[in-house]
Amino acid sequence: MKRSSYNIPEDNKYYLFFGNLANPLRIEIITCLKEKDMNVGEISKKIGVEQSKLSHALSNLRECNIVNVKQKGKERVYSLNRKTILPMLKIIDNHAQINCKGNCAICKIKH
């Protein structure tokens, strides 16, 4: 993970967690998996990214337990961590709906 110019210790849990999320491809994966559990082929088709690129991003998300994987026959099905990540996404959605009053970039996105 690329470090910023700030003196943030590499073992800082917030830096590691949010740094893992501060990637457009990983955010797209999370958004897809928020809708439903999917295999790599389904994710690839939905967001238009080749499977090899997705596999690397999914590996990073799995390392932080943001995404879980289950083997179903020959395919691997990915899902969001329902215990921690889904509730956090709901909090973010709620925060944006209640607190963003047109002054931030997130407000430009329809709620």
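Treating r as the C-beta distance of Asp93 and Glu50 and R0 as 30 Å, the FRET efficiency rounds to 0.55. Pair-distance distribution of region 10-80: all C-alpha pairs, bin width 10 Å, starting at 0; shares per bin in whole percent are 20, 56, 20, 4.
Please compare each pair in Lys45/Lys101; Lys70/Lys90; Lys45/Lys74; Lys46/Lys90; Lys13/Lys45 to a cut-off of 30 Å on the Cα-Cα distance and tell me which ones are over it. Don't skip to the end; give the middle numbers.
Numbers: Lys45/Lys101 35 Å; Lys70/Lys90 24 Å; Lys45/Lys74 18 Å; Lys46/Lys90 22 Å; Lys13/Lys45 33 Å.
Those over the limit are Lys45/Lys101; Lys13/Lys45.
Please sort by residue number the trypsin sites (Lys or Arg not before Pro) in region 1-68 whose DSSP state is loop and whose Cβ has at most 14 other Cβ atoms within 10 Å. Listed in order of number, the matching sites are Lys2, Arg3, Lys36.
We did not get these values from a lab; they are worked out from the coordinates using the rules stated. As the structure is a prediction and not an experimental result, all values here were calculated from the model. Ideal geometry is used to build each Cβ from the backbone, glycine not excepted, and the neighbour counts take in all protein chains shown.
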